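The values are calculated or read from the model by the stated rules, or taken from the named source; none is laboratory data. The structure displayed is predicted, hence computed values, not measured ones. Neighbour counts run over all protein chains shown; Cβ positions are idealised from the backbone, glycine included.
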Amino acid sequence: MARRLPPLNALRAFEAAARHNSFAGAAAELRVSHAAISRHVRGLEARLGATLFRKAARGVTLTAEGARYLQTVGRAFDEIAAATEALAASTCQQISVSAEPAFAAKWLVHRLGRFRDRNPEIDVSLDPSPVLVDLERGEADLAIRYGAGGWPGVRQDLLVESRSYPVGHPSLLRRLGRPKGAPDLLRWTLLHEDGGER
């Protein structure tokens, strides 16, 4: 025998409005209009033959029937949410990625959508931070950093090559001459955006 259930959107509107004591609050949470929440609640009340809300000075309050109905609907939504999280956790692998902020914003973020489309079972958590993480202690599953490699205890893969070149004020060239190679730069004061930490 088929279950006699009201529309899910009407139940969501009712439950959100009850939690917020406000149709406007429910509308903001569910990203629909105030009129849509009102229409869903009116339809639900008509279907149930009961008044679920009464107007208050600010927003709405539940009637006795509404409060009783909310107990069951709220519990059902909690169970559905818990079952969904449990299933998602068992089928979805989460990977935490630590990356330099500039690299994350200009290169990595633009590719995450395509990665997600190809690997829907993997949930990527991105931490755009210049702080070095300890992979052995599980602070991240992988880290993307600038450098020549040679870090002990981790597997390293080159993602992209990056060019580095010096820049300076023209007066430096007049005073010190044009450098002929990298060793010449040792005569100059180098400014590091990271404070010179290596």
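Some points to look at:
Let's see how each residue does on (1) in a loop (DSSP other than H, G, I, E, B); (2) of a type in the set (D, E, K, R):
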residue	(1), (2)
VAL131	yes, no
LEU135	yes, no
ALA143	no, no
LEU158	yes, no
GLU161	yes, yes
LEU173	no, no
PRO179	yes, no
ASP184	no, yes
LEU191	yes, no
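- Checking each residue in region 112-130 for being touching a strand residue (DSSP E or B) at 6+ places or on another chain (Cβ under 8 Å) and of a type outside the set (Ser, Thr, Tyr) picks out LEU112, PHE115, ARG116, GLU121, ILE122, ASP123, VAL124, LEU126, ASP127, PRO128.
- Figure legend. Inter-residue proximity from region 61-84: first residues in contact (Cβ under 8 Å) with a residue 12 or more places away in the chain, second residues loosely packed, with under 10 Cβ neighbours inside 10 Å, beta-carbon distance below 9 Å, spacing 6+ or different chains. Indicated pairs: THR61/LYS55.
- Within region 1-35, considering residues that are charged (D, E, K, R) and assigned to a loop (DSSP other than H, G, I, E, B), the one farthest from ARG47 (Cα to Cα): ARG31
- Here the condition is being at pLDDT 80 or above, hydrophobic (A, V, I, L, M, F, W, C) and more than 30 Å from the chain's Cα centre (by Cα); of ALA105, ALA182, ALA99, ALA143, it holds for ALA182 alone.
- Selection within region 1-39: residues that are more than 19 Å from GLN71 (Cα to Cα) and either aromatic (Phe, Trp, Tyr) or touching a residue at least 24 places away in the same chain (Cβ under 8 Å) (or both). The member of this set that is surrounded by the most Cβ atoms within 10 Å (Cβ to Cβ) is ILE37.
- SER162 vs. criteria of a type in the set (S, T, N, Q), under 30 Å from LEU87 (Cβ atoms) and either without any contact (Cβ under 8 Å) to a residue 12 or more places away in the chain or surrounded by fewer than 13 Cβ atoms within 10 Å (Cβ to Cβ) (or both): no
- Looking across region 165-183, just one residue is surrounded by fewer than 10 Cβ atoms within 10 Å (Cβ to Cβ) and in contact with a helix residue (DSSP H, G or I) (Cβ under 9 Å, 6 or more places away or on another chain), and that is ARG178.
- Qualifying position, being in a helix (DSSP H, G or I) and modelled with pLDDT of 85 or more, among ALA88, ALA83: ALA83
- Filter pass, SER96 being of a type in the set (Ser, Thr, Tyr) and surrounded by 11 or more Cβ atoms within 10 Å (Cβ to Cβ): yes
- Of the criteria (1) part of a loop (DSSP other than H, G, I, E, B); (2) surrounded by 15 or more Cβ atoms within 10 Å (Cβ to Cβ), which one ASP127 fails: (1)
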